[in-house]
């Protein structure tokens with residue numbers, strides 16, 4: 001998968017070269033390109049924002065640098081272009097899987113009061129929000145989505161079943177998990193997990209997942 005990121009703050013994305021995402025790039029499973037929108041500004045001071053028509057607080061990102069940055073990307077026409085926005089659809093697990101259907105994603109990270117609506121209308125395929133709260137810009141949401149999507153690319157995770165068994169994939173939160181030692185500070189691992197009976201373990205995990213979900217996120221329990 002190829003991912004291009006349009007941003008005013010490219011230095012924020014240095015973390016994408018670490019951990020599994022870094023290894024995925026080394027293996028050419030994932031290609032991430034960072035594009036500085038400011039480089040495309042025709043203003044002599046490289047300005048990328050201005051006051052909003054009609055008044056109001058704050059500044060708005062101007063259309064020209066964004067448009068030129070986007071259209072400079074090879075293959076941008078066929079890429080799936082995402083604007084990270086508080087008014088977008090809230091990002092959920094099913095959206096993660098749908099985004100893996102694309103070979104090329106482009107993320108536009110807004111700042112200030114957002115971006116001129118004309119570039120959204122002209123260029124953007126989808127607006128996505130990572131939650132009902134406001135951040136200083138779209139960089140952190142872009143990283144969240146890239147991390148979530150990359151985990152579903154073949155070869156990124158060592159165990160292909162990991163994504164199938166984790167929280168939200170089954171419509172439930174994940175069951176409690178334990179590792180060695182079997183006893184820690186007087187607390188023992190549930191005996192069923194030490195039994196070697198795979199069917200009993202499966203049922204225990206299923207029941208625990210339901211209990212955790214009902215207690216913490218009853219809103220995501222699937223209705224029959």
Next on the checklist: Please go through the range 84-98 and give me each residue that is surrounded by 12 or more Cβ atoms within 10 Å (Cβ to Cβ) and assigned to a strand (DSSP E or B), ordered by number.
Outcome noted: 84, 85, 86, 88
Next on the checklist: Just to be sure before I move on: is residue 31 within 28 Å of residue 148 (Cβ to Cβ), touching a strand residue (DSSP E or B) at 6+ places or on another chain (Cβ under 8 Å) and without any contact (Cβ under 8 Å) to a residue 12 or more places away in the chain in the structure I sent?
Outcome noted: no
Next on the checklist: Among the residues of the range 46-68, are any out of contact with any helix residue (DSSP H, G or I) (no Cβ under 9 Å at 6 or more places or on another chain), under 30 Å from residue 152 (Cβ atoms) and part of a loop (DSSP other than H, G, I, E, B)?
Outcome noted: no
Item to check | Considering residues of the range 115-128 that are over 23 Å from residue 33 (Cβ atoms) and out of contact with any helix residue (DSSP H, G or I) (no Cβ under 7 Å at 6 or more places or on another chain) only, the residue surrounded by the most Cβ atoms within 10 Å (Cβ to Cβ) | outcome: 117
Item to check | Members of the range 183-220 that are loosely packed, with under 12 Cβ neighbours inside 10 Å and either within 24 Å of residue 92 (Cβ to Cβ) or in contact with a strand residue (DSSP E or B) (Cβ under 7 Å, 6 or more places away or on another chain) (or both) | outcome: 215, 216, 218, 219
Next on the checklist: Being assigned by TED's automatic domain parsing to the domain that holds residue 139 and within 15 Å of the chain's Cα centre (by Cα) is the requirement here; does residue 85 meet it?
Outcome noted: yes
Checklist outcome for this item: Residue hits (the range 36-68; surrounded by 19 or more Cβ atoms within 10 Å (Cβ to Cβ) and more than 13 Å from residue 116 (Cβ to Cβ)) are 40, 41
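The values are calculated or read from the model by the stated rules, or taken from the named source; none is laboratory data. Keep in mind that what you see is a predicted model, and the values were worked out from it rather than measured. Positions of Cβ are generated from backbone atoms using ideal geometry, with glycine treated the same way; all protein chains shown enter the neighbour counts.
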